[in-house]
1. If I go through region 420-455 residue by residue, how many of them are surrounded by fewer than 16 Cβ atoms within 10 Å (Cβ to Cβ) and in contact with a Lys or Arg (Cβ under 7 Å, 6 or more places away or on another chain)?
2. Check region 231-248 and report whether any residue there is touching a Ser or Thr at 6+ places or on another chain (Cβ under 9 Å) and β-branched (Val, Ile, Thr).
3. Go through the residues of region 352-360 one by one and say whether even a single one is surrounded by fewer than 19 Cβ atoms within 10 Å (Cβ to Cβ), over 25 Å from Arg293 (Cα atoms) and not aliphatic (A, V, I, L, M).
4. Given the options Ser66, Ser60, name the one that is among the hydroxyl-bearing types (Ser, Thr, Tyr) and out of contact with any strand residue (DSSP E or B) (no Cβ under 8 Å at 6 or more places or on another chain).
5. Quick check on region 235-246. Is at least one of its residues assigned by TED's automatic domain parsing to the domain that holds Glu175, within 29 Å of Asn38 (Cβ to Cβ), among the aromatic types (Phe, Trp, Tyr) and surrounded by fewer than 24 Cβ atoms within 10 Å (Cβ to Cβ)?
6. Taking the options Ala270, Ala249, Ala279, name whichever one is within 18 Å of the chain's Cα centre (by Cα), of a type in the set (A, V, I, L, M, F, W, C) and either outside the structural domain of Val373 (by TED's automatic domain parsing) or under 18 Å from Ala387 (Cβ atoms) (or both).
7. Only one of these is within 21 Å of Glu481 (Cα to Cα) and in the same structural domain as Thr49 (by TED's automatic domain parsing): Ala154, Ala107, Ala170. Name it.
8. Quick one: what pairs do we get from region 526-551, first residue at positive phi, second surrounded by fewer than 19 Cβ atoms within 10 Å (Cβ to Cβ), C-beta under 7 Å, 6+ apart or different chains?
Amino acid sequence: MREGENQSFRPALLGAGCTSAAGDSIAATWEGVLSGKNFARPVDSSAWTVAPRFVPRACSWKTPDSLSALDQLVAKTLVAYREALAELPDSARARVRDGSRLGVILATTKGALDDEIWKGEGVRLETDFFSPILDEFLRASELRPRRRTCVSNACASALSAFGLASDWLADGELEDVLVLAVDRIGPFVLHGFHSLRAVTADVPRPFGANRSGLLLGEASAALFFSRHGSEGDCEFRLAGVGIDAEGHAVTRPDDSGASLRAACESILAANDRPDLVIAHGTATEVNDPVEARVLADLFPAADVPITASKGALGHTLGASGAIDLLLAREVLRRGETFTISQTTVVDSAFRGKFLVSPDLDRVEKVPGDYRRVLVTSLGFGGIHAAAMLERGDAAETNAVLPKESTANARPAKTAVPEADAHAFAFPVKVAPEWAPKVERWYQLDAFAYGMADAAHAWRNDPPPDAIFLASPGGSNATDAEFANAGARSPALFVHSLPNVRSSSFCQVLGWHGPLYCIQNDPSTIGDAADEALRAHRRTGASGWVVGIERTGTPGGFVVRRVRIGKVNK
């Protein structure tokens, strides 16, 4: 479900599982959040290609150092999947194993990048570090889904994947969708966040008066969403997902919080207000004030309690939204929530009902009649998302769609896709006309430059309702340059995220709205176009599918676009 779409369809959450630094189950993760501990551990850097200039710590799994990044990611994803599978009713488990009406979506930020990026000049420049995780997972789990893809929307990846899963189910072609979310903390990510000076040397204190930065964490999650809401007790439903991308900046949201507010409001327009917010709460100087401001504006009476999990589990990147949604499920199931670990005093500039304990070593349980929980995520590249989970008895009506498929239902007028392209050369010696609208970092990355240059060429076209970015892969020349130049440059690091190139695109267009970064080699472009077509058929929404490729000549690139709906001026 995307901003502006019908939020009435509410898929059932039939089964879930996770791993985190606190343990390899939902129960262990819940107890970890309640423990009052921060699960940071030293990270062994003895084998790193570039020696760290900091003391490496993270809220990490206890996994053998001998495992490759790919093996770690797949192993932890399988643990979460098996827990989720065990929760399913027998009929759902049979459908999953059949696979003919199953979809699988992987959400991650950097995937298995550390296996390749430190090889220097030998690394392929547009390498897909996401799809191999999904390939190996499907092989090990013996699942044969009808549809599959990967979503990389930075730290909003998991919530974005939930929106895509809901869309797939609303089409009617699939009966169940498995969302997998996973991220690990290797040398590339640790070097990168330290280059941004975003990591605390202490503990993270979300929304705290004395917060000093985030700590990174590792996690995996598996969630089964279904059209079959009548199975079992149907305890929980996904009441809505909102996604919004803005063009303000690469690493920080607009101070107004307009993009996060838009994501939240698209859910709240179709729902009663939540009984609890599990906020993104990174404990950074930049994000926390914006998030606090948005929540205060949405709930001005300051009577909706707000908590966060990163004080205990760290920031688990693309998996963080999934972990928070599973914690939301536990809140709904248990009738109690938790105070914010490590935070004892809230920043006096923040308005809101932040749940904290005066005792640093103790997290308090807060009982209540929790029926709906709102979860928020903020990501690099200006991507923001929110999701609402509700108890099955909270919905006024059974919102699961009828059994007939809507996959081929079309609006009265179905647009014929139109394709065009914009060629460019990089690097450039003369500042482009659009340069004042964009952060200077565009100069460091061919793909970021090309997206902005194409946006300038297309600026007078009718804007789309949504953008589907066909990612060039988990890595490019900028990744390798960051690694080979001592892993010091924050500008190079942030451009290593596939979705970040959309930031310059949005900046030049002056556009904000739902955006997905799709990766599924070798069918990435086709998958992105398919998503745009399905959205148009389902709701009439217009979309742009945008991808970049090399032309084969030195410094030559082309941005390709497919427009669906709103083509004519």
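The values are calculated or read from the model by the stated rules, or taken from the named source; none is laboratory data. Please read these numbers as outputs of a predicted model, since none were measured by experiment. Here the Cβ is made from the backbone with ideal geometry for all residues, glycine too, and neighbour counts use every protein chain on show.
1. So the count comes out to 2.
2. Scanning region 231-248 turns up at least one residue that is touching a Ser or Thr at 6+ places or on another chain (Cβ under 9 Å) and β-branched (Val, Ile, Thr).
3. Checked region 352-360: at least one residue is surrounded by fewer than 19 Cβ atoms within 10 Å (Cβ to Cβ), over 25 Å from Arg293 (Cα atoms) and not aliphatic (A, V, I, L, M).
4. Unique residue meeting the criteria: Ser66.
5. Scanning region 235-246 turns up no residue that is assigned by TED's automatic domain parsing to the domain that holds Glu175, within 29 Å of Asn38 (Cβ to Cβ), among the aromatic types (Phe, Trp, Tyr) and surrounded by fewer than 24 Cβ atoms within 10 Å (Cβ to Cβ).
6. Exactly one residue qualifies, and that residue is Ala279.
7. Details: Ala107 fails: within 21 Å of Glu481 (Cα to Cα); Ala170 fails: within 21 Å of Glu481 (Cα to Cα).
Only one candidate qualifies: Ala154.
8. Gly540/Pro411
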